[in-house]
Amino acid sequence: MDTVFRYVLKSSKGNINFKRQRGNFYYEIAEIFYRNNDVRIFGIPTNGFLPQIMLPSIERMCQKCPDANILVNISIDDIGEAHEVFRKVPGGWKRLLETVAGIKELKKKYKNLALGTNCTFNGFNQDKIMDIYYYLRDEIQPDSININLVRGKPKDPHSSEIDISKYHEVIRQLQKDLKSARIGYTTSSFQNIINQNQARTKELIYKTYTDNKAHVPCTASRLIGVIYPDGDVFPCELLDEKFKIGNLRQTDYDMKKLWFSPRNKEIAKWIVDTKCHCTHECFMSTNVMFNPFEFF
């Protein structure tokens, strides 16, 4: 595995967001990118249902990457049994809380570790979203709270049947709490910029959804992209197969050859020229971060 990842992104630097990986491999993959690519920010989204796997792996990651900021985001879409029903995991809530408690204990030992929560605003929880938000803020008490807007094509189409005014209500409360420092990312020296970025990102997502147009140029295929487990590289998670940049196996795992290829330049130009837009939080956040006018 070390040989493979030495080539993947072998000269790149930046942030790594892990998805769909088994817990025991987190610290091994993180250490490779930490050592070979100088990655200093790691984001780990997880359902939190496997504390016996997650907690030892997170601790090893903190030990192996002492100068990195590590944010573990627990997905919480409802409270108690309602969350188990939504996720279709009986008994999952108790295990989730065990993971939360374990991360809080680890934070006492490792100052580079932060606990976050992800909540996806959707048609099933929109009427309870303020109660869920206050529960996360006041009972879970994470370092950061992220409210994601449902996107794409969920398995149950009713998830997309939303009242956007209710999303706006909860993000306004989130923005207020970020401004007052009641919540917010705290393990980075750039915490103020990160928190401002989150607040502005949410507002732009709301405007993009309501206006159905781009309010800021998308940086997909220029500053951010997606690598799938099979090595396929795409500009983002929402564009289909015709926008595939290539596969890492084509270039002996040299990401730069794909990223700076004529094919990707063509895709990047199309994204800018057509004002391609969506409400994907990761991409909107990057769009805001690298557009200084959005901070003023």
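The values are calculated or read from the model by the stated rules, or taken from the named source; none is laboratory data. Every value quoted in this text rests on a predicted model; they were computed, and no experiment measured them. Cβ placement follows ideal geometry from the backbone for every residue including glycine, while neighbour counts extend to all protein chains displayed. To get the accessible areas, we keep the full protein, side chains included, count just its heavy atoms, and leave off ligands, DNA and RNA. Shrake-Rupley method; radii C 1.70, N 1.55, O 1.52, S 1.80 Å.
Some observations on this one:
One line per residue, one yes/no per condition, for (1) polar (S, T, N, Q); (2) assigned to a strand (DSSP E or B); (3) modelled with pLDDT under 95; (4) open to solvent by 30 Å² or more (accessible area, probe 1.4 Å):
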site: Val72; (1), (2), (3), (4): no, yes, no, no
site: His83; (1), (2), (3), (4): no, no, no, no
site: Gly102; (1), (2), (3), (4): no, no, no, no
site: Lys107; (1), (2), (3), (4): no, no, no, yes
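- Leading residue by the ranking (most open to solvent (accessible area, probe 1.4 Å)) among those in segment 135-165 that are farther than 20 Å from Thr46 by Cα and assigned to a loop (DSSP other than H, G, I, E, B): Lys153
- Qualifying residue in segment 245-259 (condition: free of Cβ contacts under 8 Å to residues at least 60 places away in the same chain, more than 28 Å from Phe33 (Cα to Cα) and open to solvent by 100 Å² or more (accessible area, probe 1.4 Å)): no
- Positions within segment 279-294 being open to solvent by 40 Å² or more (accessible area, probe 1.4 Å) and closer than 23 Å to Ile164 by Cβ, in sequence order: Cys282
- The residues in segment 85-100 that are surrounded by 14 or more Cβ atoms within 10 Å (Cβ to Cβ) and assigned to a loop (DSSP other than H, G, I, E, B) can be counted, and the count is 1.
- Top-ranked residue in segment 260-278 [being of a type in the set (Lys, Arg) and in a helix (DSSP H, G or I); ranked as least open to solvent (accessible area, probe 1.4 Å)]: Arg263
- Search result, residues across segment 193-229 that are loosely packed, with under 15 Cβ neighbours inside 10 Å, closer than 20 Å to Phe260 by Cα and without any contact (Cβ under 8 Å) to a residue 60 or more places away in the chain: Tyr228
- In segment 166-180, the residues that are within 13 Å of Asn146 (Cα to Cα) and assigned to a helix (DSSP H, G or I) reach residues that are at pLDDT below 95 and polar (S, T, N, Q) with C-beta atoms within less than 7 angstrom, at least six apart or across chains, in these pairs: Leu178/Asn195; Leu178/Gln198.
- Within segment 110-134, considering residues that are assigned to a helix (DSSP H, G or I) and hydroxyl-bearing (Ser, Thr, Tyr), the one surrounded by the fewest Cβ atoms within 10 Å (Cβ to Cβ): Tyr134
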